[in-house]
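Report on the structure given below.
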Amino acid sequence: METAVRTLVDETPDEYLELEEEDLVERIRARKREYGKRMVVLGHNYQRHAVYSLADFHGDSYGLARVATEQKDAEFIVFCGVRFMAATARVLAQPHQTVIHPSHLAGCPMADMASIHQVEKSWKELSEVLDVRRVIPMTYMNSDASLKAFCGENGGIVCTSSNAGGAFEWAFARGDKILFFPDEHLGRNTANSRGIPKEEHLLWDYRKPLGGAAPERVERAKVLLWKGFCHVHQWFTPEHVIEIREKYPDAKVVVHPECTEETVAASDAAGSTGFIEKYVRNAEPGSVIAVGTEIQMVSRLAFQHQDRTVLPLSRSLCPNMYKVNLGNLAYSVDHPGEVNVVTLPQDIIDKARIALKRMLEVN
Ligand code: 13P
Ligand code: SF4
């Protein structure tokens, strides 16, 4: 497991929760000044504005993983995002660096849809019907570190939504099937974008023996898609796209590839949060862009680009990203190395690093 689950409540002392927002901001800024280069704060694109604006680096999960590897002067890397992102920073950081995640409660329900036991069970079932040396395990970044370790150990790779296409290419140069977990939709959208025919996609229902498929069907498939999803993105539908276009006939629609293939097909473009940010930045002043991703990010883009109309395709909040707040961030930076420290078993770090390094080599 990535971080030890201590309690089911935020352990931030009440004194932090009672402070006014301005006081918390000032306290965090003061700590950052005090630590200087020894402390670096990373903020994912979905972080609420107050937290996002205090980060030294912003970006998508691929970009922030890369940033984490480059912080040679930092003693403390504070990761404002969800648990799998902070755990990835722990894997990629130097051993003497301390990685801090302000809320151990900020998990990812999609990442929790694939456990190491389920993946190992599926792998064993596959090995009974085919030669698993031909199967490349690929985990989406949104997964427990133990799954990344599994990929490292079994000739596989980690991908994010910004390099999934390249990771597919990497995999097909080494095998003839991909077992992709835990997001069905990113896997399917990537397979579609690479022209892999539908009859070679197989939805792998991990709760059923052999994914719920006949051995011949497994043999024919090129991409086995784990039946997991992100509730924040599965919310967006082609009907939302139709409604926006009825209201704004010239609107461009950009969505995250965790949306269903139908929603992606109805939209103009799909890509990682970094891609979406660039798409909006490069849009013409005066244009209308509807964005199908987490609402905190859409609101920030609308605020940053007031010379164009940036709209949510529909409102969808990631409650887990929202669990990082000024209170638990202030508590974390007030006690660096003492609270909210991310730890992982060394063997998981070593094996997960293999798969993450492969990810960083693929664009
Ligand atoms: P990005 O890699 O695009 O930042 O996405 C992370 C995520 O959790 C999307 O739901
Ligand atoms: Fe997980 Fe979805 Fe939240 Fe991303 S938006 S962190 S995939 S629940």
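Out of the trypsin sites (Lys or Arg not before Pro) in the stretch 127-219, which ones are loop residues according to DSSP with at most 11 other C-beta atoms within 10 Å?
Filter output for the stretch 127-219: R207.
Tell me which lysines have Cα within less than 20 Å of K37's Cα, excluding those fewer than 8 residues away on the same chain?
Reachable lysines: K72.
Decide, for the stretch 105-232, between rounded, prolate and oblate: order the square roots of the alpha carbon gyration tensor eigenvalues as a ≥ b ≥ c, take rounded if a/c falls under 1.5, and otherwise choose prolate if a/b is larger than b/c, else oblate.
rounded
Across the chain, where is the longest run that never hits GluC sites (Glu not before Pro) in a DSSP loop with at most 14 other C-beta atoms within 10 Å?
Of all site-free stretches, the longest is 21-337.
Could you work out the helix-only [θ] at 222 nm for the chain, with each DSSP H run of four or more residues adding -39,500 (n - 2.57) and the total divided by the number of residues, to the nearest 500 deg cm²/dmol?
-12500 deg cm²/dmol
Taking loop as defined by DSSP and a crowding limit of 10 other beta carbons within 10 Å, which trypsin sites (Lys or Arg not before Pro) in the stretch 285-328 fit?
R315
Give me the extension gain from Q94 to R220: residue separation times 0.36 nm, minus the current Cα-Cα distance, reported in nm with one decimal.
Net length gain for the segment: 41.1 nm.
To the nearest Å, what is the center-to-center distance of the stretch 218-243 and the stretch 176-190, using C-alpha atoms only?
Using only Cα atoms to place each centre, the spacing works out to 10 Å.
Apply the Karplus curve 6.51 cos²θ - 1.76 cosθ + 1.60, θ = phi - 60°, to the phi angles in the stretch 104-113 and return the couplings in whole Hz, x for Gly and Pro.
5, 7, 7, x, 9, x, 5, 4, 6, 7
Under 5 Å between amide hydrogens, which residues at least 5 positions from C159 or on another chain qualify, with H placed 1.01 Å from N in the peptide plane?
Placed amide hydrogens put T139, Y140, M141 under 5 Å from C159.
If you plug each phi of the stretch 156-163 into the Karplus form 6.51 cos²θ - 1.76 cosθ + 1.60 with θ = phi - 60°, what whole-Hz ³J(HN,Hα) values come out, in order, with x for Gly and Pro?
Using θ = phi - 60°, the values come out as x, 8, 9, 9, 10, 5, 8, 9 Hz.
Placing unit charges on C-beta atoms (Lys and Arg positive, Asp and Glu negative, everything else neutral), compute the dipole magnitude of the chain about its Cα centre in debye, rounded to 20.
Dipole magnitude for the chain comes out near 940 debye.
Which semi-axis lengths, in whole Å and largest first, follow from the square roots of five times the eigenvalues of the Cα gyration tensor of the stretch 151-304?
Each semi-axis is √(5λ); the values are 32, 16, 13 Å.
Under Stokes-Einstein, with the Kirkwood radius over Cα pairs standing in for Rh, what whole-number D in µm²/s applies to the chain at 25 °C and 0.890 mPa s?
117
Counting only heavy atoms of the protein chains, get the accessible area per residue of the stretch 93-228 (1.4 Å probe) and round it to a whole Å² value.
Result: 36 Å² of accessible area for each residue.
For D60, which sequence-distant residues (separation of 5 or more, or a different chain) have an amide H within less than 5 Å of its own amide H, given hydrogens modelled in the peptide plane?
When sequence neighbours closer than 5 places are left aside, the close amide H contacts are G274.
Over the Cα atoms, compute the radius of gyration (one decimal) and Dmax (the largest Cα-Cα distance, rounded to a whole number) for the stretch 230-297, in Å.
Here Rg and the maximum Cα pair distance are 11.1, 32 Å.
Loop-only trypsin sites (Lys or Arg not before Pro) in the stretch 1-97, please: DSSP not H, G, I, E or B, and at most 16 other Cβ atoms within 10 Å.
Answer in residue order: R6, K72.
Give the carbon-plus-sulfur fraction of the accessible surface of the stretch 234-274 in %, rounded to a whole number; probe 1.4 Å, heavy atoms of protein chains only.
Summing carbon and sulfur atoms, their accessible area is 53 percent of the total for the stretch 234-274.
Have a look at the DSSP beta bridges in the chain and tell me what percent are antiparallel, nearest 5.
Restricted to the chain, the bridges split so that about 5 percent are antiparallel.
Tabulate in residue order the Karplus-calculated ³J(HN,Hα) for the stretch 340-352, using 6.51 cos²θ - 1.76 cosθ + 1.60 with θ = phi - 60°, rounded to whole Hz; enter x for Gly and Pro.
6, 7, 8, 10, 9, x, 4, 5, 5, 4, 4, 6, 5
For L311, enumerate residues with amide H under 5 Å from its amide H, sequence gap 5+ or separate chain, H modeled in the peptide plane.
I289, A290, V291
List the lysines whose alpha-carbon lies under 25 Å from that of K208, not counting same-chain residues fewer than 8 positions away?
K121, K124, K148, K177, K198, K222, K227
Can you give me the % of accessible surface on the stretch 36-95 that is carbon or sulfur? Probe 1.4 Å, all protein chains present, nothing else counted.
Result for the stretch 36-95: 50 percent of the exposed heavy-atom area is carbon or sulfur.
The values are calculated or read from the model by the stated rules, or taken from the named source; none is laboratory data. If you're wondering where the values come from, they're calculated on a predicted model, not measured in any experiment. In this analysis, Cβ positions are derived from the backbone assuming ideal geometry, glycine residues included, and neighbour counts consider all displayed protein chains. Heads up: the accessible areas ignore ligands, DNA and RNA and are worked out on the full protein's heavy atoms, side chains in. Shrake-Rupley method; radii C 1.70, N 1.55, O 1.52, S 1.80 Å.
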